[in-house]
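Structure first, commentary second.
Values in this text are rule-based calculations from the coordinates and carry no lab data. As the structure is a computational prediction, the values presented were derived from the model and not from experiment. Cβ sites come from the backbone with ideal geometry, for glycine too, and all protein chains shown count toward neighbours.
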Amino acid sequence: MEKLAHQAALIAAQKQIFYGEYFKKLSSIRNFNVDHQVILLIPDSTNNLNVRFADPSEVIRHHLESFAFFSRTTIAKIMASEVVLGFDQEIPVPKEKKKKKSKSLGEMQCEKDFTLATEVSEKDLVENSSNWPLLLKNIQKLNVKSAHYTPLTHGSSPLKRPLNEYMLSGFINLDKPSNPSSHEVVAWIKRILEVPKTGHSGTLDPKVTGCLVVCIGRATRLVKSQQGAGKEYVCIFNLHQAIDDVNKIRTVMDFFSGALFQLPPIISAVKRQLRVRTIYEAKILQFDEKKSQGIFWVSCEAGTYIRTLCKHIGLMLGSGGQMLELRRVRSGIQSEKEQLYTLHDILDAMWLFKNHNDESYLRRVIQPLEALLVTHKRVVVKDSAVNAICYGAKIMIPGVLRYEDGIELNEEIVVMTTKGEAIALAIAQMTTATMCTIDHGVVAKIKRVVMERDTYPRKWGLGTTASYKKKMIQEGLLDKYGNPNEKTPGSYLQMLQAGHIKSEPVTPRSASPVIKTEEEATLKRPKSPVSDDEDKKKHKHKKHKHDKHSSEAVQEELEEVASEKKKKKKKKKEKELTTED
């Protein structure tokens, strides 16, 4: 039998069956799953082994005494030995291939630099940009307005910013715990991360849990746009009386869709005014008839009071109702399904960074602010126009590189760099069709600048006209603001009147200092006449409760009055005494 087992193992190895185990008793096969296959080694009259696959049931049915069961659990035993005992032939041992760890998409995006450089071909864009991060995803689908520009080394990809800058331009999708208020939670995060500024998008009541987008540093500039974004909630409600039919709740939930009048509940710290709020969709998920409790999901406008909605549902059913528990499952585009972190996660990430200098967990918890803007329509501008936009300039056609389809008039869009950084939120002044056909004009007006000034270098005032005006300012032919004076030549004035030169003031930084003469220095600007009312207002001093100086002055006045009264009393007494004498 042992020799038979060795032969079976040898045949198995030759046929690339990597392990053979010999069983003498049929009972041992009963413990295995019927779906497993066995290899039957049936000796014929000349003791040659016939090998074929079969099920364990076939072995039991034929009452075979000699068979081998090949399983994966003990492959390593026979693979460890190069030679089967009792035989001189070597068994070919296949080398184990080391499995390469497949990197996640996030790790790949963090390792590589992504930019819309001029040397990147359109073919590479089509193949690769579907996996590019944040605002650069599918950038090949954007319409090309101009392909020629000079890339600058300033700025960086949002995922590859230095940690300090990364933290001050990010946000956290926080799973708010029950009991603390939203302001308390935001203050705790500010203290944990040691950052100067934090804010949140949409207040949650103390007992409510779920998504709370906490913005840090520069990302607080997007708080207002996030506060107006749509929200989704899951609510547990209770009816005061049992109802006959569960379908009544479904009809009532369908009724509560669209614009509704709502009065804030008494518990809310808001002025109780009648408001109009829109509910986009609401559906019942579960209802327990015994307890008269149910769960529903609702997608609604920001500022909708779910507590009031539960009360209205109870009134419509004629039984009365109230809210028991509430959880926000989506705020804007951030949901509880992806990258939702607790306060403990933030504490752990900060502890790892401080004690082990490991910033990977901190970068995972904090997301760049560009992740909040991925649903906006995009306009890519040249690197030379970035700083001008940060200083409030309008987005003009010559500065645009790419723009997205479907941009409508007065729509909110995001202006971005070639590296995928968000510069500003803007209001579109042109549609996509207009941008295609025009080579001049204003594309969009700035709504909110997100990027810090001077992240990119100043590139305005470098043209021929600007250089000519700077030269004239240095020579004294124009004043320090670039306006004509008495020394300005007539040819320049004619060009100015004809419209060849724009009469825009030059920034004081670029202008040279104007030296005043002694006569100009001695002359003082006359003061404007001040009315009697204004003069009286100046002499009035407001007395505040917490003003130390005002309180001291009041005390001095009271003491003076008291001393005067005492003096008067003394004089009266002296007069009375003199009259009596």
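Considering only the other residues whose Cβ falls under 14 Å of the Cβ of Met350, what net charge follows from Lys and Arg at +1 and Asp and Glu at -1?
Values: positive: Lys190, Arg191, Lys354, Arg363, Arg364; negative: Glu194, Asp345, Asp348, Asp358, Glu359.
Summing Lys/Arg as +1 and Asp/Glu as -1 gives 0.
Among the listed pairs Lys207/Lys271; Lys197/Lys311; Lys271/Lys394; Lys231/Lys459; Lys337/Lys394, which have their C-alpha atoms separated by more than 31 angstrom in this model?
Values: Lys207/Lys271 20 Å; Lys197/Lys311 38 Å; Lys271/Lys394 39 Å; Lys231/Lys459 42 Å; Lys337/Lys394 38 Å.
From Lys207/Lys271; Lys197/Lys311; Lys271/Lys394; Lys231/Lys459; Lys337/Lys394, over 31 Å: Lys197/Lys311; Lys271/Lys394; Lys231/Lys459; Lys337/Lys394.
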- Message: As a footprinting exposure proxy, order Glu232, Glu370, Glu281, Glu165 by other Cβ within 10 Å, with the fewest listed first.
- Response: Glu281, Glu165, Glu232, Glu370
- Proportion of all alpha-carbon pairs of region 165-260 beyond 24 Å (%): 40
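Could you state, as a whole-number percent, how many of the C-alpha pairs of region 202-338 are farther apart than 18 Å?
56
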- Task: Using every pair of alpha-carbon atoms in region 278-395, split the distances into 5 Å bins beginning at 0 and state the percent of pairs per bin, rounded to integers.
- Result: 2, 7, 12, 13, 11, 10, 12, 12, 9, 6, 4, 2, 1, 0
- Task: For region 364-451, compute Rh as the Kirkwood radius over C-alpha pairs and then the Stokes-Einstein diffusion coefficient at 20 °C and 1.002 mPa s; write the answer in µm²/s, rounded to an integer.
- Result: 166
